[in-house]
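The values are calculated or read from the model by the stated rules, or taken from the named source; none is laboratory data. Quick caveat: nothing in here was measured; it's all calculated off a predicted structure. Ideal geometry is used to build each Cβ from the backbone, glycine not excepted, and the neighbour counts take in all protein chains shown. The protein model used for the area step is the full one, side chains on, heavy atoms only, and it has no ligands, DNA or RNA in it. Shrake-Rupley method; radii C 1.70, N 1.55, O 1.52, S 1.80 Å.
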Amino acid sequence: TTGSRWNGMLSSRWSRIGLALGAGLAAALAHPPFGLLIGLLGYPLLMVLSERSNTVRGAFWMGWLAGFAYFGLGCWWVAEAFLVDPAQAWMAPFAASLLPAGLGLFWGAATALYRRFAARGVSRVLVFAALFCLAEWLRGHVLTGFPWNPAGASWAAGSAMSQTASVVGVYGLSLITVAATCALGPLVTSGSRRSRITAAIMGVGTLATVFVYGTVVLSGAVVQTTGVRVRIVQANVAQESKWTPEAYRGIVDRYLALTSQPAQRMPDVVIWPEGALPASFNTVFSPLSPDGPAIAAAIQPGQTLLAGLARGEVDPRGGPDRYYNSLFALADDGVAGLRVAAVYDKHRLVPFGEYLPLGGLMTRLGVRSLVHMPSDFTAGPRPAPILVPGLPAVQPLICYESLYPGFTRAGADRPQWIVNVSNDAWFGATSGPLQHLNLASYRAIETGLPVVRATPTGVSAII
């Protein structure tokens with residue numbers, strides 16, 4: 001019978017390993033750009049594998065294997081960044097394997113705890129969903145966190161199913177998604193037939209309610225504009241093509257040409273992405289550089305340039321210089337020329353990309369030289385809106401800061417729009433930039449604010 005074959009698979013060690021890996025891969029395929037929503041059945045499969053494990057340790061390995069597969073498919077694109085520099089290419093396989101191995105620990109902890117509590121009846125669906133989503137929340141916060149592809153973001157941003165995030169956020173939508181799909185799990189386990197069918201009906205009903213709610217919200221949506229015209233400059237320069245003097249000159253000229261391109265109505269704001277120029281703000285606008293005057297000439301009176309550039313700062317107390325990943329608001333008021341109206345310094349830095357965790361220890365162990373990081377960036381203060389004369393208050397988010405719910409303030413300090421500049425050129429034509437767009441779009445749903453994304457390659461958009 002089907003039941004005996006299923007029990008046979010669960011009793012075989014290698015079958016359980018294969019099913020755990022399959023559960024993780026299926027759940028990952030539900031995310032854009034794949035969009036295979038049937039893959040959400042990977043969550044109830046993982047629940048059943050966890051409760052059918054003989055030990056807590058066995059349940060941990062079921063979760064870890066599923067997480068490894070999930071993040072392996074969802075984050076393989078990180079290896080692309082190490083292929084930009086041939087000297088770092090040897091690190092690509094380690095990045096593509098160690099990251100999912102580490103993130104999978106959160107899934108393993110969730111399934112181990114679930115097995116430890118040994119919940120019974122259909123209520124175990126809620127126990128599994130709560131523990132799993134608690135682990136996912138911790139994944140987004142522990143050691144600065146990496147909230148890439150939470151379960152709720154399986155629904156394409158802008159779809160009817162995504163709209164519930166406007167009420168409960170993407171983590172709340174994750175809890176609803178995991179609980180509703182896991183309600184189908186009891187169908188393949190023992191227990192009261194009536195209660196199992198009731199759980200499945202409730203799960204399907206929950207998803208249907210989310211869909212109806214989103215459909216109603218979208219049917220009544222009204223587009224509101226501020227009257228501010230924005231120009232996003234995407235020069236489409238591959239990351240590996242930036243590092244020669246000849247390439248630098250061509251990149252500057254390309255950005256200037258696109259910035260000053262004629263239009264029937266000139267833009268009020270011009271946005272350059274993170275890492276637009278392969279040079280720091282200090283170099284570009286030094287008295288000896290011709291680039292500063294050239295940029296000033298490209299910006300018209302009354303316009304503002306938002307540009308993502310690194311900057312250095314001398315420590316007034318004589319300590320080592322500090323380096324920041326920043327967004328500069330450069331305004332031309334038509335009187336004094338181009339001036340710095342505001343600066344936002346990136347708050348949430350990328351581990352091993354912008355800073356080395358446990359830097360002192362890692363330096364002594366030689367890791368700093370291996371990852372080619374001579375020094376760390378300095379984290380800026382917690383994100384807060386910046387004010388630029390003539391523009392609505394704006395909340396900058398640099399790179400993967402757009403993954404974090406809660407970085408945009410509510411109440412009296414609430415901004416009127418969000419600008420996300422990111423250097424997705426590091427990840428080439430992979431799924432990474434497409435998923436980054438989907439995840440950043442959830443900030444628009446959660447806050448009810450427009451998000452403007454600027455990238456040198458990848459996907460620039462007004463959301």
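Some values worked out for this structure:
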item: Residues within region 12-39 that are open to solvent by 10 Å² or more (accessible area, probe 1.4 Å), under 22 Å from the mean Cα position of the chain (by Cα) and not aromatic (Phe, Trp, Tyr), tallied; result: 8
item: Search result, residues across region 238-255 that are modelled with pLDDT of 90 or more, within 12 Å of ALA276 (Cβ to Cβ) and open to solvent by less than 100 Å² (accessible area, probe 1.4 Å); result: TYR248, ILE251, VAL252, TYR255
item: Test: residue in region 158-181 that is open to solvent by less than 50 Å² (accessible area, probe 1.4 Å), without any contact (Cβ under 8 Å) to a residue 40 or more places away in the chain, among the hydrophobic types (A, V, I, L, M, F, W, C) and more than 20 Å from PRO44 (Cβ to Cβ); result: no
item: Cβ pairs under 6 Å, 6+ apart, first in region 73-91 and within 22 Å of ALA28 (Cβ to Cβ), second at pLDDT below 80 and surrounded by fewer than 19 Cβ atoms within 10 Å (Cβ to Cβ); result: PHE82/GLN88
item: Lone unmet requirement of (1) over 29 Å from THR430 (Cβ atoms); (2) open to solvent by 50 Å² or more (accessible area, probe 1.4 Å); (3) assigned to a helix (DSSP H, G or I) for TRP90; result: (1)
item: Selection status of LEU391, open to solvent by 10 Å² or more (accessible area, probe 1.4 Å), touching a strand residue (DSSP E or B) at 6+ places or on another chain (Cβ under 8 Å), assigned to a helix (DSSP H, G or I) and of a type outside the set (Gly, Ala, Ser); result: no
item: Hey, PHE106 crowded, with 20+ Cβ neighbours inside 10 Å and in a helix (DSSP H, G or I) or not; result: yes
item: Matching residues in region 224-237 - criterion: being among the β-branched types (Val, Ile, Thr) and either open to solvent by 50 Å² or more (accessible area, probe 1.4 Å) or under 23 Å from the mean Cα position of the chain (by Cα) (or both); result: THR225, THR226, ILE232, VAL233, VAL237
